[in-house]
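The values are calculated or read from the model by the stated rules, or taken from the named source; none is laboratory data. In this text the structure is predicted, and so the values were computed from the model without any measurement. FYI the Cβ positions are ideal-geometry reconstructions off the backbone, even for glycines, and counts take in every protein chain you see. These area figures cover heavy atoms from the full protein model, side chains too; ligands, DNA and RNA do not enter into them. Shrake-Rupley method; radii C 1.70, N 1.55, O 1.52, S 1.80 Å.
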Amino acid sequence: TNELWLVNTKRETTVDFMERRRAAGENVEIAFNTSGWRPWGGRAATDATYAALYRWDMTDGRELSCGKEPGRGTYFIVRKDGGEFIRSGIEPGMTNDWSIAVYGNRPILENGRRVNAGIRTAGPPHLAPRLALGLSPDQKTLVILAVDGRQSGLSEGATCADLADILLREGCTDAVNMDGGGSTSLVVWDSASSSPKMLNSHADGYRRRVAVNLGIVFDEGNGGVRSLRKRRRASFTDSR
């Protein structure tokens with residue numbers, strides 16, 4: 001592309017991320033991919049070791065990537081007090097009380113309404129594997145939505161409008177479409193087998209190594225898959 005990009009992160013699959021953080025003593029029970037990255041183009045490129053992030057990104061209260069045009073991104077943000085919210089654009093001086101910020105490629109819900117900028121209104125439906133994050137009106141419930149796609153006989157995929165409708169039915173008022181396609185990965189810890197369990201099926205037939213993963217650590221012990229619906233206080237951990 002004749003563009004210069006700053007290498008920000010080392011890539012790994014979401015399963016490897018979960019196993020690594022659990023080996024380090026963090027009981028990550030849910031993990032998923034988040035932000036888009038480069039280089040792109042074929043398995044050889046997407047399996048490369050390092051990645052440059054498209055836009056601004058924060059981990060542990062510090063900037064991981066300045067990216068390009070951070071004002072254009074839509075971000076899922078975790079404050080230092082544990083609160084979460086979704087907003088579009090980053091401005092100087094507004095990040096002092098943030099702990100984690102990862103970006104998606106477009107908003108799909110704002111204040112309980114579809115966001116047209118994130119939904120194709122002309123041409124054929126753009127069906128693809130997708131991952132989206134949605135928040136309830138009180139910002140106390142996070143919905144993680146993964147949709148399979150590009151797999152004949154299993155799932156052709158979803159549009160951003162489909163994601164918006166599903167998240168509205170789940171009670172969300174704000175939502176962001178994250179990096180999807182073959183990168184889509186949603187993993188939970190299966191306490192019965194003491195191993196990660198991938199909940200989605202990968203369009204390319206293999207687990208892609210991605211640039212940024214986000215993990216959820218519950219404060220009340222390691223309940224595993226069967227207890228994920230319980231209301232429990234959670235904290236976040238992300239890849240570096």
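Some notes on this structure:
- G149 vs. criteria open to solvent by less than 20 Å² (accessible area, probe 1.4 Å) and either at pLDDT 90 or above or not small (G, A, S) (or both): yes
- Selection from the range 177-194 of residues that are of a type in the set (G, A, S) and surrounded by fewer than 18 Cβ atoms within 10 Å (Cβ to Cβ): S191, A192, S193, S194
- Residue within the range 89-110 that is over 28 Å from K68 (Cβ atoms) and open to solvent by 40 Å² or more (accessible area, probe 1.4 Å) present: no
- Of all residues in the range 148-162, those satisfying the criterion of being out of contact with any Leu (no Cβ under 7 Å at 6 or more places or on another chain) and in a strand (DSSP E or B) are Q151, S155.
- Close contacts from the range 170-191, counting a first residue that is hydrophobic (A, V, I, L, M, F, W, C) and a second that is in a loop (DSSP other than H, G, I, E, B), with Cβ to Cβ under 7 Å and a gap of 6+ residues or different chains, come to C172/S136; M178/T34; L186/L199; L186/N200; V187/L199; V188/L199; V188/L228; W189/G224.
- Residue within the range 108-117 that is touching a Phe, Trp or Tyr at 6+ places or on another chain (Cβ under 9 Å), of a type outside the set (S, T, N, Q), in a loop (DSSP other than H, G, I, E, B) and farther than 29 Å from M198 by Cα present: no
- Residue that is least open to solvent (accessible area, probe 1.4 Å), among those in the range 50-72 that are at pLDDT below 85 and assigned to a loop (DSSP other than H, G, I, E, B): G67
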